[in-house]
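The values are calculated or read from the model by the stated rules, or taken from the named source; none is laboratory data. Please read all numbers here as calculations on a predicted model, not as lab measurements. When we count neighbours, we look across all protein chains shown, and the Cβ atoms used for this are built from the backbone with ideal geometry, even at glycine.
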Number of protein chains: 2
Amino acid sequence: MRYAFEKAVDLSHELANGMPIYPGDPAPSFERAATLEKNGVNLTRMTLGSHTGTHTDAPIHFIEDGIPVDRIPVSDFFGEALVIDLSGKKPIGSGIVAADLEPYGGAIKNDDIVLLYTGSSDQWGNPSTNSNYTYLTGDCCEYLARKKVRAVGIDFLSVEQFKAKEPVAHKMLLSHNIFIIESLSNALRQFSGQRILFVCLPIKLQNGDGAPSRAIAIPIVEE
Amino acid sequence: MRYAFEKAVDLSHELANGMPIYPGDPAPSFERAATLEKNGVNLTRMTLGSHTGTHTDAPIHFIEDGIPVDRIPVSDFFGEALVIDLSGKKPIGSGIVAADLEPYGGAIKNDDIVLLYTGSSDQWGNPSTNSNYTYLTGDCCEYLARKKVRAVGIDFLSVEQFKAKEPVAHKMLLSHNIFIIESLSNALRQFSGQRILFVCLPIKLQNGDGAPSRAIAIPIVEE
């Protein structure tokens, strides 16, 4: 068994003008500040939110005195992940409950990263999905906390129900120091039911509540 | 022999207001756009250049028709690296020539990533170093291109002499599709003379000339 780095698969969205964002987040902007033609060099100026595109949520996103993204130990960004296909939960916009995860419970190991493919990512770019995506209930997050997972990833803008009055999913996970990866792409689907090495590196934003990240799946192959 | 992910070491600088930048690059700004106290959530708005902090240069930074950062194959971001200590080249601000690398030539393998610790990184935060750091000459980059390395990393703002009339180092490397990692921290020093697994993931900036990146060293240990 080995990690097949040569078969790495990108699970990240492109950062671009007009990209989907959580409604109300800072509007992202990417523009060339210098060009080869005019200046002899291409440079870009970018403005974006800490939770734009594929990104990591640190505990301080919702927990006072929670650790910021630059203080998550870097070894935690490399870990084995179980990919669970929940796209059978219909319709898109439903809340995942603990009972939806229980059939997979035996496969979730202590300190695993759990990556949830809900199918919402197949609608990336469809504006109506930005406010109606499959999310995690508090009950589901409590189940994951009891399983002592390291991190939880999901394939759309948030683990939380859109405009939830109480951010129960974030608070349950982040208060247990379980960090969160949001807006994974639907490239995740191909690993449904599999274990992978998951490498997701956030940029090192000082005292950051979260940070844009590059998320990569490394297949685990039998030798 | 195995990769010791549990001993991962961060080689990245923090992104923060007032951080060192290449003089003339967009001024970075990081500010909370929402806070737990006022809004029930911490969110950050950030403005920065594509070459701010620890970052990757893609061929299109200096090469017309060069590939952008989002088109570098993700498997290339995971690779064995040789760390070379050139801090004996005095003073800081000197140009590294091919002859400085030749003593290490036998240890550089085809497709290696070569990471150069020059000692300039020990002066990170000293404003005068921002315009006077140790750089790579065209001759040195031609040597690395002949060695068919995959990528070259350096521990300060640029591989290029400050305000060079001709960007010979960038052009030599990028025209050979050798991507560049700049502004690695002086945490690199501890690996001098060693081989490591080097994982450096740039955020996925569409058509990006470069992108802020998180760079991590994974020690290689004997079992």
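Tell me, yes or no, whether the range A:205-221 has at least one residue that is surrounded by fewer than 17 Cβ atoms within 10 Å (Cβ to Cβ) and away from chain B (no Cβ under 14 Å).
No, that holds for no residue.
If you scan the range B:1-23, which residues turn out to be touching a helix residue (DSSP H, G or I) at 6+ places or on another chain (Cβ under 8 Å), more than 7 Å from chain A (Cβ to nearest Cβ) and more than 15 Å from A:SER75 (Cα to Cα)?
B:PRO20, B:ILE21, B:TYR22, B:PRO23 - these are the residues of the range B:1-23 that are touching a helix residue (DSSP H, G or I) at 6+ places or on another chain (Cβ under 8 Å), more than 7 Å from chain A (Cβ to nearest Cβ) and more than 15 Å from A:SER75 (Cα to Cα).
Select from the range A:66-119 the residues that are aromatic (Phe, Trp, Tyr) and away from every other protein chain (no Cβ under 14 Å) and write down the one among them that is surrounded by the most Cβ atoms within 10 Å (Cβ to Cβ).
This residue is A:TYR117.
A quick yes/no check of all residues on (1) farther than 16 Å from B:ALA151 by Cβ; (2) basic (Lys, Arg); (3) assigned to a strand (DSSP E or B):
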site: B:THR56; (1), (2), (3): no, no, yes
site: B:SER75; (1), (2), (3): no, no, no
site: B:GLU80; (1), (2), (3): no, no, yes
site: B:LYS90; (1), (2), (3): yes, yes, no
site: B:ASP100; (1), (2), (3): yes, no, no
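Could you list all residues from the range B:37-60 that are within 7 Å of another protein chain (Cβ to nearest Cβ), crowded, with 19+ Cβ neighbours inside 10 Å and touching a helix residue (DSSP H, G or I) at 6+ places or on another chain (Cβ under 9 Å)?
B:ASN42, B:LEU43, B:SER50, B:HIS51, B:ILE60
Of all residues in the range B:60-94, which are out of contact with any Phe, Trp or Tyr (no Cβ under 6 Å at 6 or more places or on another chain) and among the aromatic types (Phe, Trp, Tyr)?
B:PHE62, B:PHE77
Restricting attention to the range A:116-154, report how many residues are in a helix (DSSP H, G or I), touching a Leu at 6+ places or on another chain (Cβ under 8 Å) and not small (Gly, Ala, Ser).
5
Report every pair of residues separated by at least 6 positions or lying on different chains whose Cβ atoms are under 8 Å apart, first residue within the range B:42-64 and more than 15 Å from A:ASN42 (Cβ to Cβ), second assigned to a helix (DSSP H, G or I).
Within 8 Å, the pairs are B:ASN42/A:ILE60; B:ASN42/A:HIS61; B:ASN42/B:LEU36; B:LEU43/A:HIS61.
Taking the range B:146-168 as the search range and keeping residues that are hydrophobic (A, V, I, L, M, F, W, C) and over 22 Å from B:LEU201 (Cα atoms), which one is surrounded by the most Cβ atoms within 10 Å (Cβ to Cβ)?
Filtering the range B:146-168 for residues that are hydrophobic (A, V, I, L, M, F, W, C) and over 22 Å from B:LEU201 (Cα atoms), the one surrounded by the most Cβ atoms within 10 Å (Cβ to Cβ) comes out as B:VAL168.
On the basis of being crowded, with 18+ Cβ neighbours inside 10 Å and free of Cβ contacts under 8 Å to residues at least 40 places away in the same chain, does B:THR134 make the cut?
Criteria not met by B:THR134.
Of all residues in the range B:177-194, count the ones that are in contact with a helix residue (DSSP H, G or I) (Cβ under 9 Å, 6 or more places away or on another chain), more than 21 Å from B:ASN126 (Cβ to Cβ) and buried (at least 17 other Cβ atoms within 10 Å of the Cβ).
3
Could you check the range A:193-204 and list, in sequence order, the residues that are under 23 Å from A:PRO28 (Cα atoms) and more than 7 Å from every other protein chain (Cβ to nearest Cβ)?
A:CYS200
Within the range B:24-36, does at least one residue satisfy the condition of being more than 7 Å from chain A (Cβ to nearest Cβ) and among the β-branched types (Val, Ile, Thr)?
yes
For the structure I just gave you, tell me whether B:GLU37 is at pLDDT 95 or above, closer than 26 Å to A:ASN207 by Cα and in a helix (DSSP H, G or I).
So B:GLU37 passes the test.
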